[in-house]
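Following: one structure in structure tokens, then a few remarks.
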Number of protein chains: 2
Amino acid sequence: MSVIEQARRARTAAGVLATATRTVKDAGLHAMADALVARTPEILTANEADLAAGRAAGLSPAILDRLALTAERVAGIAEALREMAALADPVGEVVRGSTLPNGLELRQIRVPFGVVGIIYEARPNVTVDAAGICLKSGNAALLRGSSSAAHSNAALVGVLRDAVAGAGLPADAIQLLDASSRDSVKQLMRARGLVDVLIPRGGASLIRTVVEESTVPVIETGVGNCHVYVDAAADVAKAIDIVLNSKTQRLSTCNTAESLLVHAEIADVFLPPMLAAFVAAGVTVHGDDRVRAYSAAVVAATEEDYGTEYLAAEISAAVVDSLDVAVGHIQRYGTQHTEAIVTDSASAAREFVARVDSAAVMVNASTRFTDGGEFGFGAEIGISTQKLHARGPMGLPELTSTKYVVTGDGHLRG
Amino acid sequence: MSVIEQARRARTAAGVLATATRTVKDAGLHAMADALVARTPEILTANEADLAAGRAAGLSPAILDRLALTAERVAGIAEALREMAALADPVGEVVRGSTLPNGLELRQIRVPFGVVGIIYEARPNVTVDAAGICLKSGNAALLRGSSSAAHSNAALVGVLRDAVAGAGLPADAIQLLDASSRDSVKQLMRARGLVDVLIPRGGASLIRTVVEESTVPVIETGVGNCHVYVDAAADVAKAIDIVLNSKTQRLSTCNTAESLLVHAEIADVFLPPMLAAFVAAGVTVHGDDRVRAYSAAVVAATEEDYGTEYLAAEISAAVVDSLDVAVGHIQRYGTQHTEAIVTDSASAAREFVARVDSAAVMVNASTRFTDGGEFGFGAEIGISTQKLHARGPMGLPELTSTKYVVTGDGHLRG
């Protein structure tokens, strides 16, 4: 079936989902969870086919691990759907409302987008998560996963479609697109009018392609060249802990710190123990001459290093003469994802927060906290690094639009 | 100067505007208003040059009237800036906030977009309105007006830039782009990273071009093929008044009704007086056979008529057998701007509101009420017909994004 035909079916399904009650949608989520658990054997068989193909293709152990499903992982994915069912329904929320001077009753009400396209890589759990978040928010989902997970995704989507149909909702609310060629991505990007929003999740090049070529509105996610700025007035012990946690708590996530900026006035006391801690943690530091003066272990940073999202045990570093220089550096090299300041100075914190133009600004906290789960959203479809519509971690409300409902009794405009 | 260079300057100005206090921004708006009044003669001289060129080029009297400025009109435009100053500042509003279980303080705060590009036609008052709304919301404005208003716009922007500079704000917060070629539009559409959002205001073809070609995120505005559905349970007198007001109160606006759908059960009592009222009002009706059966004055509707935004004293009309058919017709031909139902049936109203997927749905009220002024927003930059970010009339908050500020005291992720 063509992507356009799939999008048309999604549109029809979206019409049903838009008026489905929370009770019905939550029953669908529970049915999905139950079916995943009940049909785990066939899911694992399909997953084994992907793993075998991946091994034959020489995929790295890390990628194979991300791809791998176990009964325990499937149970965890199912549990996430049950937790989604417990979240409040964003649809129907009255965002604002008033009675106008002429007596007209004005209400702005949350409604689903309609059809949401999601393009993603590797992990098959994203297939289920995305389908669940879309269903909960009343949207039909067009899922375009990775070809390396094609068998797993087909099995998962088959199970989910049967489950929602069994719960009285249209199976076409959840559809998998062909992952065998780039053509399905191209068609999805041109399906304006049928698809309401496109969310690319994955590497920088995928996101850039979608942003540049899509006529469907896009929510850009994920690329994070996150900075930690250690201010002159920082507590040294806290600063070391925050930098280490931001860099090493998990290396491969978009909210991991990739660059360290240190105020010149605190460099003498902060950098020697910080650089020693990096060595102990196995992190390679790419520093400027001023950083390198403190340790022979520091590699010379190139211009390119400051713009790099390593997603690895590497970090760029520079000494700056002021908060102003730090802000300028972040403006130049950052991706407007997450930046942190470590400082005991209230005025420095205030200035940093006001001037740094990022989705999230941390004060004396790890960059790793930029996360829908950590923020208490319960479900997350990605982290937006654009300013339009959604910025930062996107939960259920970010997958909705609104509609004005205006009620009168024969009201005419004068 | 190239558009890219102008965008760079706008970006720098946006950095200043983002942290400007309301007091400073409002002083800028008052300075702009005062300067417009004080320098009215030079504005009118420039406007006269546009009018002369327009007359020579054979522009219609209606377009010339829209282009024309008078001392009174300039005073009105200035007054609108003073009213903007009186509105609440959207920037800094805490949209949501909580203390997370680990003690982190989470706040989501409204921040300006940064640089807003606006592409528009004809009326020079839009130049001032857009500049004012952008300044109030902390955004730098890149204004690309019509070549027919080039002299007027240059004079107005010159006055506004002097005024904001006099108020201590960067003159580059307000810049006019070259209107003599399409090249400035093209450059603006490709200035992703420098321009945060593009708002095209004008005809359908301009908007389509921008939507399809822009890599800068776009907010689609304005095209309205608005429907009034007269339900079986409608009050006939109210229905006639609402349809007439929706169609004729002003012909050239996007919230004007362009299509009438009548339930078969009420056609016999409703259509004869309605069609007579249309004749009396000079409105040509393009109807299907069932409508034409009631009056010889009704012209046969083509398929194309149902998809046409006339912006003139014309309306398409059809008799439908049910609310369901009406909703289907609207889905097929509508532009998701504004649709109205006239009915005394609470359940019909409820179903229409739930199923019609438009920016605004009116119950027993004229479609003409979809308007920032009527909704009490105080200022309006356009009416969005897309679902992403803003839908319906856009006021000051719709010209902002948000930023998460997370404050801890050495918080690490476990």
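The values are calculated or read from the model by the stated rules, or taken from the named source; none is laboratory data. Bear in mind the structure is a predicted one, so any value in this text is a computation, not a measurement. Positions of Cβ are generated from backbone atoms using ideal geometry, with glycine treated the same way; all protein chains shown enter the neighbour counts. Only protein heavy atoms, including side chains, enter the accessible area calculation; ligands, DNA and RNA are left aside. Shrake-Rupley method; radii C 1.70, N 1.55, O 1.52, S 1.80 Å.
Pick out the one residue from B:VAL216, B:VAL243 that is surrounded by fewer than 24 Cβ atoms within 10 Å (Cβ to Cβ), touching a Leu at 6+ places or on another chain (Cβ under 8 Å) and hydrophobic (A, V, I, L, M, F, W, C).
B:VAL216
Within the range A:74-106, which residues are within 20 Å of B:ALA354 (Cα to Cα) and surrounded by 17 or more Cβ atoms within 10 Å (Cβ to Cβ)?
A:ASP89, A:PRO90, A:VAL91, A:LEU104, A:LEU106
Within the range A:87-177, considering only strands (runs of 3 or more DSSP E) that don't extend past its boundaries, which have at least 1 residues that are touching a Phe, Trp or Tyr at 6+ places or on another chain (Cβ under 8 Å)?
Values: elements: A:94-99, A:105-112, A:115-119, A:140-144, A:174-176.
Where strands (runs of 3 or more DSSP E) fall fully within the range A:87-177 and carry at least 1 residues being touching a Phe, Trp or Tyr at 6+ places or on another chain (Cβ under 8 Å), they are A:105-112, A:140-144.
One residue is enough: does the range B:233-252 have a residue meeting the conditions more than 9 Å from chain A (Cβ to nearest Cβ) and at positive phi?
no
Any chance you could count how many residues in the range B:163-190 are of a type in the set (Ser, Thr, Tyr) and open to solvent by 10 Å² or more (accessible area, probe 1.4 Å)? Please lay out each step first, then the result.
Our first condition is that a residue be of a type in the set (Ser, Thr, Tyr); within the range B:163-190, this holds for B:180-181, B:184.
The next check asks that each one be open to solvent by 10 Å² or more (accessible area, probe 1.4 Å); those that pass are B:180-181.
Here the count works out to 2.
Restricting attention to the range B:181-190, which residues are within 14 Å of chain A (Cβ to nearest Cβ) and part of a loop (DSSP other than H, G, I, E, B)? Break it down into steps so the answer makes sense when it comes.
Going through the range B:181-190, the residues within 14 Å of chain A (Cβ to nearest Cβ) turn out to be B:189-190.
Selection gives B:ARG190 alone.
Being part of a helix (DSSP H, G or I) and open to solvent by 10 Å² or more (accessible area, probe 1.4 Å) is the filter; apply it to the range B:314-329 and report the residue that is farthest from B:ASP268 (Cα to Cα).
Applying the first criterion (part of a helix (DSSP H, G or I)) to the range B:314-329 yields B:323-329.
The next check asks that each one be open to solvent by 10 Å² or more (accessible area, probe 1.4 Å); those that pass are B:323-325, B:328-329.
Details: B:LEU323: 17, B:ASP324: 20, B:VAL325: 18, B:GLY328: 23, B:HIS329: 21 Å.
Top of the filtered list is B:GLY328.
Test each condition in (1) touching a Pro at 6+ places or on another chain (Cβ under 7 Å); (2) within 14 Å of chain B (Cβ to nearest Cβ) for A:ARG107 and report the one that comes out false.
(1)
Among the listed residues A:ILE219, A:ILE207, identify the single one that is modelled with pLDDT under 90 and either within 14 Å of another protein chain (Cβ to nearest Cβ) or closer than 24 Å to A:ASP50 by Cβ (or both). First the steps, then the outcome.
Values: A:ILE219 fails: modelled with pLDDT under 90.
None of the other options fit; the residue is A:ILE207.
In the list B:ALA277, B:ALA296, B:ALA300, B:ALA313, which residue meets the criterion of being closer than 21 Å to B:ALA237 by Cβ and of a type in the set (Gly, Ala, Ser)?
Values: B:ALA296 fails: closer than 21 Å to B:ALA237 by Cβ; B:ALA300 fails: closer than 21 Å to B:ALA237 by Cβ; B:ALA313 fails: closer than 21 Å to B:ALA237 by Cβ.
Just a single option satisfies the conditions, and that option is B:ALA277.
Does the range B:276-286 hold any residues that are of a type outside the set (Val, Ile, Thr), surrounded by 13 or more Cβ atoms within 10 Å (Cβ to Cβ) and under 20 Å from B:ASP241 (Cβ atoms), and which are they?
At the first step, the residues of the range B:276-286 found to be of a type outside the set (Val, Ile, Thr) are B:276-278, B:280-282, B:286.
Among the residues that remain, those that are also surrounded by 13 or more Cβ atoms within 10 Å (Cβ to Cβ) are: B:276-278, B:286.
Answer for the range B:276-286, where residues must be of a type outside the set (Val, Ile, Thr), surrounded by 13 or more Cβ atoms within 10 Å (Cβ to Cβ) and under 20 Å from B:ASP241 (Cβ atoms): B:ALA276, B:ALA277, B:PHE278.
I'd like to know if the range A:47-54 contains one or more residues that are touching a Gly at 6+ places or on another chain (Cβ under 9 Å) and either within 13 Å of chain B (Cβ to nearest Cβ) or surrounded by 18 or more Cβ atoms within 10 Å (Cβ to Cβ) (or both).
Going through the range A:47-54, the residues touching a Gly at 6+ places or on another chain (Cβ under 9 Å) turn out to be none.
No: the range A:47-54 contains no residue that is touching a Gly at 6+ places or on another chain (Cβ under 9 Å) and either within 13 Å of chain B (Cβ to nearest Cβ) or surrounded by 18 or more Cβ atoms within 10 Å (Cβ to Cβ) (or both).
Keeping to the range B:310-340, report how many residues are closer than 16 Å to B:THR370 by Cα and charged (D, E, K, R).
1
Quick check on the range B:258-266. Is at least one of its residues surrounded by 18 or more Cβ atoms within 10 Å (Cβ to Cβ), in contact (Cβ under 8 Å) with a residue 60 or more places away in the chain, more than 24 Å from the chain's Cα centre (by Cα) and over 30 Å from A:ARG208 (Cβ atoms)?
Taking the range B:258-266 and keeping what is surrounded by 18 or more Cβ atoms within 10 Å (Cβ to Cβ), we get B:258-263, B:266.
Checking which are in contact (Cβ under 8 Å) with a residue 60 or more places away in the chain leaves us with B:259, B:261, B:263.
Next cut, more than 24 Å from the chain's Cα centre (by Cα) only: B:261, B:263.
Filter once more, so that each one left must be over 30 Å from A:ARG208 (Cβ atoms): B:261, B:263.
The answer is yes; a qualifying residue exists.
If you go through the range B:191-198 one residue at a time, do you hit one that is closer than 15 Å to B:GLU5 by Cα and either more than 14 Å from every other protein chain (Cβ to nearest Cβ) or open to solvent by less than 10 Å² (accessible area, probe 1.4 Å) (or both)?
Yes, the conditions are met somewhere in the range B:191-198.
Would the range B:291-307 turn up any residue that is surrounded by 23 or more Cβ atoms within 10 Å (Cβ to Cβ), assigned by TED's automatic domain parsing to the domain that holds B:ILE240 and among the aromatic types (Phe, Trp, Tyr)?
The answer is no, given that none of the residues of the range B:291-307 is surrounded by 23 or more Cβ atoms within 10 Å (Cβ to Cβ), assigned by TED's automatic domain parsing to the domain that holds B:ILE240 and among the aromatic types (Phe, Trp, Tyr).
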